[in-house]
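Okay, so here's the structure we're looking at.
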Amino acid sequence: MAFNSVRYILVQGLVSLKRNLWLSLASILTVAVSLILLGSSIIFLANTATIAKTFESQVQIAVFLDDKLNDGQVVAIQNRIKNLPGIESVTLTTKEQALWEFQESMSTTSLLEDLGGINPFPDKITIVATDPKLVQGIASQVEKISGVESVRYGQGILEKLLAFTNWLRWIGVAVVAAFTFAALLLISLSIKTNVNSREKEIQIMRLVGASNSFIRWPFIIEGLVVGLVGALVAVVAVGFAYSWLLQYIISTLAFIPVVANQQFLLMVFLIMMLGGMLMGTLASVISVRKFLRF
Amino acid sequence: MIKLKNVSKIYPNGARALMGVNLRIAKGEFVFLVGPSGAGKSTLIKLLYREEIATRGQVLINNINLVRLKNSQIPALRRNMGVIFQDFKLLPNKTVFENVAFALQVIGKNKKEIRESTLSMLDLVGLSSKVKAFPSELSGGEQQRVCVARALVNRPGLLIADEPTGNLDVDTAWGIVDLLDKINKYGTTVVMATHALQIVEQMNKRVVRVEGGRIIEDKAGEEVRIGI
Ligand SMILES: Nc1ncnc2c1ncn2[C@@H]1O[C@H](COP(=O)(O)OP(=O)(O)OP(=O)(O)O)[C@@H](O)[C@H]1O
Ligand SMILES: [Mg+2]
């Protein structure tokens, strides 16, 4: 297509955006909202995935022993555990060590006296499994050993987290879909308004033999621009919000593992931009087919 | 140039607008299409620029059957013909120049071509002094001249007019008809539907009379008669 035509089509596309300023703004905003939701869902899911992974790799079993056991019995239990399958390591923390560590962390020297001479800490054995999947099996076996008071591991936390993420994924999909639909409707409405307001012009264009694509392109450009501007707004919003959130988390909740990877963020932004363009083009192609029958 | 073979047009609502119409128009002819209201004149004209499709028969322009024409081929067809109407169909927010240039702009001509063709065509229709005026600043006759210029700016071989003088007083109407006659003398075939019987009579051109969807009379023009 000739340069003149391209310029004409571009100008027409932009002029009609201006003509329906409020409708265009509303369309841009809905596109932006749906893309913000899309972008933050992706970021959120990526983060929960990392958190889940971190949890997984940290799964340990804490075994608390009966207070009345003597040192020999404790060592015996420790050896029995060592011989179970799937054990990576077994570490004993005696009640004296536990008290001492706690005392250290409280920076006091008279904790035992303050507690009335009774050490409230039990002996503790920490087990690390070779595979997180084995944790539950090991735990139930250890529980049966006599002299074991209680066994604690991340019972269900991981499962709950994963279930929650799954659930959230679907909610995210539904909400993004709803907003995308709204955006498509709005873009389509604004194109319909433009087709109507340009009815006479289009009629004349057909009369003098303008090609169908020539008549259609300005509307498609219009949709594309709406999608692109909406995507830009969304990228800026998500970008600022996430970097603020990252800073907040890193400075106050440093133990939460976050995804701050540049490449990952660039990819999310790229997805958002492509999503915006796709939404805009799709909406205009559909509505042009519907409202500009040939 | 134009051949209608046994053409019938029945609208979706069942209205029989044309029935078994046969018509041949040669290159360079000037033909008036007359008949009472509802006779089928506009329908016949719409078949020629492929706004409507014949229900039966063939509509041939330069041996191309418009009944079979694909939608994507309509632009090419229309670039080879000009159409004007009773209501002028000018864009109110564009100047005279821009209205005429528009026809070239939307078919992708370059700026220089557009400027030259537009100015020479506005000169031909006698509007050189009004290029910057807006349609609302023009008389009805002047507006129709702009339409003629727009219809012809791409130098088509055929001009189709559906009651082009319907909104004009007698003197102004004559001005338009004289203009069409001049264009015809330069070689453009003209087909004009009209109710202006006085003009039709005085022009002594070929007259095709339509009534109830049929051609009931086809009277050759004076020049042709002299030729015989
Ligand atoms: N789009 C349409 N749908 C249904 N019927 C139509 C349509 N257009 C025209 N008709 C009918 O077809 C017949 C011929 O109409 P047409 O407009 O061709 O007449 P005409 O000769 O141009 O009349 P006029 O001199 O009043 O313009 C009329 O009976 C009319 O009601
Ligand atoms: Mg009519």
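Per-structure values
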{"item": "Candidate set from the stretch B:176-206 (those that are open to solvent by 20 Å² or more (accessible area, probe 1.4 Å) and small (Gly, Ala, Ser)); member that is farthest from B:Ala151 (Cα to Cα)", "result": "B:Ala196"}
{"item": "Residue in the stretch B:151-173 that is assigned to a helix (DSSP H, G or I) and within 14 Å of chain A (Cβ to nearest Cβ) present", "result": "yes"}
{"item": "Positions within the stretch B:90-140 being within 30 Å of A:Asn212 (Cβ to Cβ) and among the hydroxyl-bearing types (Ser, Thr, Tyr), in sequence order", "result": "B:Thr95, B:Ser117, B:Thr118, B:Ser120"}
{"item": "Residue that is nearest to B:Leu60 (Cα to Cα), among those in the stretch B:20-41 that are near ligand 2 (Cβ under 9 Å from one of its atoms) and open to solvent by 30 Å² or more (accessible area, probe 1.4 Å)", "result": "B:Gly38"}
{"item": "First in the stretch B:202-213 and within 14 Å of ligand 2 (Cβ to nearest atom), second anywhere and basic (Lys, Arg) and outside any loop (DSSP other than H, G, I, E, B), Cβ under 7 Å, 6 or more apart", "result": "B:Val210/B:Lys41; B:Gly213/B:Arg16"}
{"item": "Members of the stretch A:204-215 that are more than 7 Å from chain B (Cβ to nearest Cβ) and under 49 Å from the mean Cα position of the chain (by Cα)", "result": "A:Ser213, A:Ile215"}
{"item": "Test result for B:Leu90, open to solvent by less than 70 Å² (accessible area, probe 1.4 Å) and either touching a helix residue (DSSP H, G or I) at 6+ places or on another chain (Cβ under 7 Å) or within 12 Å of another protein chain (Cβ to nearest Cβ) (or both)", "result": "yes"}
{"item": "Matching residues in the stretch A:185-218 - criterion: being open to solvent by 40 Å² or more (accessible area, probe 1.4 Å) and not basic (Lys, Arg)", "result": "A:Leu185, A:Leu186, A:Leu189, A:Thr193, A:Asn196, A:Ser197, A:Glu199, A:Gln203, A:Ser213, A:Trp217"}
{"item": "Residue in the stretch B:123-139 that is more than 16 Å from ligand 1 (Cβ to nearest atom), at the interface with chain A (Cβ under 10 Å from one of its Cβ atoms) and over 30 Å from B:Val207 (Cα atoms) present", "result": "no"}
{"item": "Pick from the stretch B:4-24, criterion within 11 Å of ligand 1 (Cβ to nearest atom) and of a type in the set (D, E, K, R), ranking: farthest from the other protein chains (Cβ to nearest Cβ)", "result": "B:Arg16"}
{"item": "Neighbours by Cβ (under 8 Å, 6+ apart or cross-chain): first from the stretch B:118-141, within 16 Å of B:Leu90 (Cα to Cα) and open to solvent by 70 Å² or more (accessible area, probe 1.4 Å); second aliphatic (A, V, I, L, M) and in a loop (DSSP other than H, G, I, E, B)", "result": "none"}
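The values are calculated or read from the model by the stated rules, or taken from the named source; none is laboratory data. All of these numbers come straight from a predicted model, not from anything done at the bench. Positions of Cβ are backbone-derived with ideal geometry, glycine not excepted, and every protein chain shown enters the neighbour counts. Surface accessibility is based on the protein's heavy atoms, side chains included, excluding ligands, DNA and RNA. Shrake-Rupley method; radii C 1.70, N 1.55, O 1.52, S 1.80 Å.
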